[in-house]
Amino acid sequence: MLKWLASIPHQLVEWTIAWADTAYSVWALFFLAFAESSFFPIPPDVLLIAIGMAKPQSALWLALVCTIGSTVGGMFGFLIGKIGGRPLLLKIFKEKKVGVVDKYFEKYGVMAVGVAGFTPIPYKVFTISAGAFRMNFTKFALISVLSRGARFFLVGLVLMFIWPLVRDSMPKEQLMGYLNYFSVAFIILLIGGFYFVKVMGKRHAQKSRELEAQNLQETAEQGTGSDRTSDADVC
């Protein structure tokens, strides 16, 4: 059972890459980018690279498709969060995780979405949270286009200008092996992103408890001081 569970990410990666050799590869890239922004675990970079290696001259077009799909998917996640609100977040994610995302939004605003859009930090957590916390939709859409576009066009530029210089020196089997390694590494980074949010959530919860305890102590001290003042007045 454990062995089967451990093989699921690899199977998903292979299933994703298999779309690169079909007539529907571009549509698959769009829908994968859409799904990854709200619920699917495999990043669209995997399919983008697989298709781009075969068609480097179309890499920037593929990056645009990926950007549009991911942005529209992020908007869908935003809508889910806006309709469901905080109660939905608490059903999908743990309260500690929601708390730390809330703190990031409070501290960094729309830039929190930008960081999540460009890095392996779980983007879907922030798209749904952005809707639940009623972030300005126009700002959300703009930062999503910029951050996701920067990420996918960076991959597209590498595929268009650097990949043709090295592809003839590597067997296809070796290249696909590297792609698999990249996919697994990205998934590990994604899991690391979830772990990072979890750790920050614990720290946020601990600081909240400490602050609450401090406030209670100050309130108690103020109450004691008031009692002493009242006793002195009576005397």
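The values are calculated or read from the model by the stated rules, or taken from the named source; none is laboratory data. All values reported here derive from a predicted model rather than from experimental measurement. In this analysis, Cβ positions are derived from the backbone assuming ideal geometry, glycine residues included, and neighbour counts consider all displayed protein chains. Just the protein is used for accessible areas: all its heavy atoms, side chains included, with ligands, DNA and RNA removed. Shrake-Rupley method; radii C 1.70, N 1.55, O 1.52, S 1.80 Å.
Label positions at residue 95 and residue 166, each projected 7 Å from the Cα along the C-beta direction, are separated by 4.8 nm.
For the range 129-137, just list the computed ³J(HN,Hα) in residue order, Karplus coefficients 6.51, -1.76 and 1.60, θ = phi - 60°, integers in Hz, with x standing in for Gly and Pro. Karplus-based 3J(HN,Hα) across the range 129-137 equals 5, 4, x, 5, 8, 6, 5, 4, 5 Hz.
So, for the range 27-124, what is the accessible surface per residue at a probe of 1.4 Å, expressed in square angstrom? Display every interim value, and only then the final one.
Numbers: 4260 Å² over 98 residues.
Accessible area per residue: 43 Å².
Let me check something: with ligands and nucleic acids excluded, how do 47, 79, 88, 165 order by accessible area (1.4 Å probe), largest to smallest? Walk me through the intermediate numbers first.
On the way: 47 0, 79 90, 88 45, 165 145 Å².
Result of the area sort, largest leading: 165, 79, 88, 47.
Surface composition of the range 15-151: carbon plus sulfur atoms contribute 71% of the solvent-accessible area (1.4 Å probe, protein chains only, all chains present).
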